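Asks: Here it is, the structure in full.
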Amino acid sequence: MNSFIWLGTLGALYLFFIFSTPVKAPPPIRVEKTVEVTKAEAAPAEIVEKAAEVVVEAEPVDIEKGKAIYLSACIKCHNKDPNVKGPIGPEMVDAPLEVMQAKVATGRYPEVLPEGFVPKRKTKQMTKFPQYLKDVPSIHAYVQSIKKK
Ligand code: HEC
């Protein structure tokens, strides 16, 4: 009779360990996820920092270069004529330089909008083009040079 009690106790312990192990397993996975989230949160700050650096190093205004970049990189979404809205992106003749700088650096509107400027869209569809940040004054000058109204 004693051996039955022993076997029962051992069996219960065995089952307890088997079923308790998977319950303990998940935490390490959660830790990895936390690390990823932290990295993702850190990214925007880095981009803003880089944006601030590159703005200082902006190249001299070259309307022809601005036109070339506009017609190669921006008209995928914006209209060939920046006075008119495109298939995805709105017209951009009304965006001040600093708004264009923020859009090109981060894809987003600046956190503090210039006085009187109203974003054409509330969407967040634009992608960033950090490689063109130093040429934004040229792109902006090109867009303004053919502004209609
Ligand atoms: C992937 C499509 C896409 C591309 C490519 C793109 N844009 Fe945009 N852009 C948008 C969209 C969509 C908006 C409206 C807000 C939003 O959803 O981000 C916008 C908004 C803007 C605005 C603000 C206009 C306003 O008055 O509200 C500016 C300025 C701008 N884009 C500049 C550029 C420049 C310069 C380029 C090329 C270097 C470019 N965009 C390339 C999609 C694009």
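Bear in mind these aren't lab numbers, they're just calculated from the coordinates by the rules spelled out. Predicted model only: the values in this text are computed from it and were never measured. Cβ sites come from the backbone with ideal geometry, for glycine too, and all protein chains shown count toward neighbours.
Asks: Once the other residues with Cβ under 10 Å from the Cβ of Lys128 are scored (Lys, Arg +1; Asp, Glu -1), what is the net sum?
Replies: +2
Asks: Further question: May I ask for the distance between the Cα centers of the stretch 109-123 and the stretch 94-108, given as a whole number of Å?
Replies: Each part reduced to its Cα centre gives a spacing of 9 Å.
Asks: Another question, then. Starting at the first residue of the stretch 59-73, write each ³J(HN,Hα) from the Karplus equation 6.51 cos²θ - 1.76 cosθ + 1.60 with θ = phi - 60°, in whole Hz, x for Gly and Pro.
Replies: Result, ordered by residue: 6, x, 5, 9, 4, 4, 5, x, 5, 4, 5, 4, 6, 9, 9 Hz.
Asks: Each residue of the stretch 82-95 in order: what ³J(HN,Hα) in whole Hz does its phi give by Karplus 6.51 cos²θ - 1.76 cosθ + 1.60, θ = phi - 60°, with x for Gly and Pro?
Replies: Computed from phi, the couplings for the stretch 82-95 are x, 7, 10, 6, x, x, 10, x, x, 4, 10, 5, 8, 7 Hz.
Asks: Return the distance in nm (one decimal) between the two label points of a simple spin-label model at Lys85 and Lys65, each offset 7 Å from Cα along Cα→Cβ.
Replies: Spacing of the two 7 Å Cα→Cβ label points: 3.3 nm.
Asks: Taking the highest mean first, how do the peptides 138-146, 116-124 order by number of other beta carbon atoms within 10 angstrom per residue?
Replies: Final packing ranking: 138-146, 116-124.
Asks: Under a crude label model (7 Å from the Cα following the beta-carbon direction), how far is Lys120 from Lys147 in nanometres?
Replies: Label at Lys120, label at Lys147, 1.3 nm between them.
Asks: Here's a follow-up. Applying the Karplus parametrisation 6.51 cos²θ - 1.76 cosθ + 1.60 with θ = phi - 60° to the phi angles of the stretch 129-136, what ³J(HN,Hα) value in whole Hz is obtained for each residue in order, glycine and proline being reported as x?
Replies: Rounded to whole hertz, the list is 9, x, 5, 9, 4, 5, 9, 4.
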